[in-house]
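Just below is one structure, and these are the notes that go with it.
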Amino acid sequence: MNNELQNLHFEDINVLIKRRLEELEELKKRGINPYPYSYDVTHHSKEILENYTEFEGKDVSVAGRIMSLRRMGKASFAHIMDFEGKIQIYLKKDDLGDVYDIFKLLDIGDIIGVKGFVFKTKTGEISIHVKELTVLSKAIRPIPIAKEVIDEKGNKIIYDQFSDKELRYRQRYVDLIVNRHVLDVFVKRTKIIRYLREYLDSCGYYEVETPVLQPIYGGAAARPFITHHNALDMDLYLRIADELYLKRLIVGGFEGVYEIAKDFRNEGMDREHNPEFTMLELYVAYKDYFWMMDFVEKLIAHIVQKLHGTLKINIEGNEIDFTPPWKRFSMAELTKEKLGIDILNDSYDKLFSFAKSKELDIDNNITRGKLIDEIFSELVQPDLIQPTFIYDYPVELSPLAKRHRSIPDVVERFEGFVMGRELCNAFSELNDPIDQRLRFEEQMKMRSAGDEEAHMFDEDFVRALEYGMPPTAGLGIGIDRLVMLLTDQHSIRDVIFFPTMRPEK
């Protein structure tokens with residue numbers, strides 16, 4: 001059975017599907033419902049395997065998918081896989097009678113329930129001696145089976161995996177079945193979000209919900225997805241960020257709000273970008289960006305410790321230490337140290353010439369702020385391996401951040417970086433309605449000049465600020481990127497169950 005499922009061509013798969021359909025009909029003829037409504041599971045594989053002395057000789061009821069089969073006349077062995085792992089089952093015709101013949105109609109991939117007692121085989125493998133067997137789901141399509149081989153050094157080598165990346169993303173359900181490490185990544189994703197939420201709740205902040213469909217999109221530099229509301233006969237936008245609505249709640253009197261939500265940006269896709277993604281945004285009244293730096297490093301350290309049991313973890317072959325305090329540099333000082341240029345005082349022409357000398361792909365009409373961002377992103381950021389905060393950004397890049405308290409043309413903003421990748425983005429939030437109006441007007445000029453990602457003018461948000469918003473610190477963390485980092489995955493598609501894909505041909 002194992003061999004016939006390896007290296008299958010399309011015609012072979014059709015033959016196997018035909019045979020499985022015949023087995024399905026035979027089950028029905030014998031009065032077996034191949035898709036019953038429920039099954040009473042009392043235990044899972046992991047607890048039995050880890051507590052054998054407690055379970056030896058005791059009856060258990062376990063359900064799972066058949067992952068291997070070894071038939072030997074009047075006795076058979078198989079492995080079934082449940083959510084927690086795999087366990088061997090042993091079946092004898094003398095015990096099962098006619099049900100043993102039913103077992104002959106089953107294949108790898110079928111889901112069954114078994115009841116029996118726990119024992120060890122002569123080879124010492126913990127197993128379940130089956131007394132009752134129930135068919136729970138007959139699989140029509142064969143699943144690809146990975147062949148495991150142990151080399152001379154005891155290393156496990158896996159052949160013939162379901163390894164085609166695009167096929168894995170399209171058929172995540174198969175990926176989860178045959179690539180156990182993939183399921184483990186998504187379990188960790190769930191835990192990361194749980195630990196994040198637990199920490200924020202423990203601080204007394206309120207989790208809230210804001211509109212996904214927005215009449216004016218804002219809060220980030222991105223192009224939106226557009227839809228139409230028939231009853232109101234108006235275009236609406238899928239949100240690109242939660243920021244402007246969350247800050248309205250700070251105006252309304254909340255002192256700490258957060259949202260873990262789906263955002264949507266109509267942009268290209270690469271290893272760090274998917275059009276649909278998950279963000280955390282947090283806003284805390286009466287705080288600034290220095291306070292938020294302290295908060296972020298404690299928050300991330302909490303998650304890392306809960307997930308891994310240590311603050312030092314291996315990412316892409318590097319030992320990364322999340323222990324606070326993290327390194328902190330202003331964008332200007334680090335750029336001057338690394339590249340020898342002064343992004344605050346050097347002329348535009350000098351910065352442009354420098355970028356060209358480094359063969360950066362920049363447009364001749366690029367603005368000063370975006371020129372600085374490009375220089376930093378391409379020539380400085382990749383070297384930020386250990387957790388590092390970079391603070392004080394050009395005002396042009398941050399139309400929603402508060403102006404620096406002492407440095408002209410700079411805002412109080414920081415980003416956190418690990419392994420050369422952005423982890424978070426935070427501001428001392430702009431709460432001056434007059435300055436905010438001027439910033440929006442400047443953004444609209446940029447839109448008129450052809451910048452499709454410049455911010456829209458949100459008159460209602462300015463009106464909210466005119467009622468008064470307290471000093472506020474704001475934070476955004478890309479959940480997908482955080483999961484990539486903490487599970488050592490190289491693509492955002494590896495941490496999203498169903499990433500956006502081109503239609504199948």
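Read-outs throughout are calculated quantities, based only on the coordinates presented, and are distinct from any laboratory measurement. Given the structure is predicted, the values throughout are model-derived calculations rather than measurements. Counting neighbours? That spans all protein chains shown, and the Cβs are built from the backbone with ideal geometry, glycine included.
Student exercise: in the stretch 239-350, how many lysine pairs 8 or more apart or on different chains have Cα atoms under 21 Å apart?
12
How far is the Cα center of the stretch 154-223 from the Cα center of the stretch 436-457, in Å?
Here the answer is 33 Å between Cα centres.
Normalised by the number of residues in the stretch 60-123, what is the relative contact order in percent for Cα pairs under 8 Å and 6+ residues apart?
Values: 93 pairs, mean separation 25.2, N = 64.
Computed over the stretch 60-123, the figure is 39 percent.
Suppose every Lys and Arg Cβ carries +1 and every Asp and Glu Cβ carries -1, with no other charges. What dipole size does the stretch 3-161 come out with about its Cα centre, to the nearest 20 debye? Numbers along the way, then the final one.
Working: 25 positive and 27 negative charges, 63 e Å.
In debye, rounded to 20, the stretch 3-161 gives about 300.
Enter the mean projected area of the convex hull around the alpha-carbon atoms of the chain, in nm², rounded to one decimal. Intermediate values should be presented prior to the final figure.
Working: hull surface 125.1 nm².
Average projection, Cα convex hull of the chain: 31.3 nm².
I need the peptides 55-65, 194-204 ranked by packing, meaning the mean over residues of other C-beta atoms within 10 angstrom, with the highest value on top. Mind dumping the intermediate values first?
On the way: 55-65: 17.1, 194-204: 14.7.
Per-residue mean Cβ counts within 10 Å order the peptides as 55-65, 194-204.
Using a cut-off of 18 Å between alpha-carbon atoms, which aspartates and glutamates can reach K104, once sequence neighbours fewer than 8 places away in the same chain are excluded?
E4, E22, E23, E25, E26, D94, D95, E132
Tell me, what is the percent relative contact order of the chain, built from C-alpha pairs under 8 Å that lie six or more residues apart? Don't jump to the answer; show the numbers that get you there.
Working: 900 pairs, mean separation 59.7, N = 505.
It comes to 12 percent, rounded to a whole number.
Which whole-number percent gives the relative contact order of the stretch 3-161, counting Cα pairs below 8 Å spaced six or more residues apart?
Numbers: 292 pairs, mean separation 39.2, N = 159.
Computed value for the stretch 3-161: 25 percent relative contact order.
Over the stretch 3-161, what is the percentage of antiparallel beta bridges among all DSSP beta bridges, to the nearest 5? Write down the numbers at each step before the final one.
On the way: 36 of 40 bridges.
Given both bridge residues lie in the stretch 3-161, the antiparallel proportion sits at roughly 90 percent.
What number, rounded to the nearest 500 deg cm²/dmol, is the helix-based mean residue ellipticity at 222 nm of the chain, given -39500 (n - 2.57) per DSSP H run of at least four residues and division by all its residues?
Values: 16 runs with 168 residues, N = 505.
Result for the chain: -10000 deg cm²/dmol, rounded to the nearest 500.
Give a residue-ordered list of calculated ³J(HN,Hα) values for the stretch 113-125 (Karplus: 6.51 cos²θ - 1.76 cosθ + 1.60, θ = phi - 60°; whole Hz; x for Gly, Pro).
Using θ = phi - 60°, the values come out as x, 10, 10, x, 9, 8, 8, 10, 6, 4, 8, x, 8 Hz.
Give me the base-10 log of I(q)/I(0) for the stretch 31-101 at each q in 0.24 Å⁻¹, Debye formula, one uniform scatterer per Cα, rounded to two decimals.
Summing over Cα pairs of the stretch 31-101 leads to -1.28.
If a/c stays under 1.5 just call it rounded; otherwise compare a/b with b/c (prolate if a/b is bigger, oblate if not). Do that for the stretch 82-138, with a ≥ b ≥ c from the square roots of the Cα gyration tensor eigenvalues.
Values: a/c = 1.97, a/b = 1.18, b/c = 1.68.
Judged from the Cα gyration tensor, the stretch 82-138 comes out oblate (a/c at least 1.5, b/c at or above a/b).
If a/c stays under 1.5 just call it rounded; otherwise compare a/b with b/c (prolate if a/b is bigger, oblate if not). Do that for the stretch 390-455, with a ≥ b ≥ c from the square roots of the Cα gyration tensor eigenvalues.
Working: a/c = 2.37, a/b = 1.33, b/c = 1.79.
In terms of gyration-tensor shape, oblate.
Name the shape class, rounded, prolate or oblate, that the alpha-carbon gyration tensor gives for the stretch 3-161, where a ≥ b ≥ c are the square roots of its eigenvalues, rounded holds for a/c under 1.5, and otherwise prolate holds if a/b is larger than b/c and oblate otherwise. Before the final figure, lay out the partial values.
Working: a/c = 1.81, a/b = 1.10, b/c = 1.64.
Oblate.
For N51 and N14, compute 0.36 nm times the residue count separating them, minus their Cα-Cα distance, and round to one decimal in nm. Don't skip to the answer; put the middle values down first.
On the way: separation 37, 0.36 × 37 = 13.32 nm, distance 4.25 nm.
Taking N51 through N14 to full extension adds about 9.1 nm, to one decimal.
Which one, V15, S127, A473, projects farthest toward the positive side of the charge dipole computed for the chain from Cβ point charges (K/R +1, D/E -1)?
The residue sitting most towards the positive pole is S127.
Using a Förster distance of 35 angstrom, determine the FRET efficiency expected from the C-beta separation of K153 and N314, and round it to 0.05.
On the way: r = 20 Å, r/R0 = 0.58.
After rounding, the FRET efficiency stands at 0.95.
Tell me which residues come under 5 Å, amide H to amide H, from T500 once H is placed; ignore anything under 5 positions away on its chain.
Correct list: E276.
Taking 7 Å along the Cα-to-C-beta vector as the label spot, tell me the D164-H273 distance in nanometres, rounded to one decimal.
2.8 nm
Round to the nearest 0.05 the FRET efficiency obtained for E333 and D184 when R0 = 45 Å and r is the Cβ-Cβ distance.
Numbers: r = 41 Å, r/R0 = 0.91.
Efficiency, rounded to the nearest 0.05: 0.65.
What is the distance, in nm, between label points placed 7 Å from the Cα along the Cα-to-Cβ direction at K298 and at C203?
Distance between the two pseudo-spin positions: 0.8 nm.
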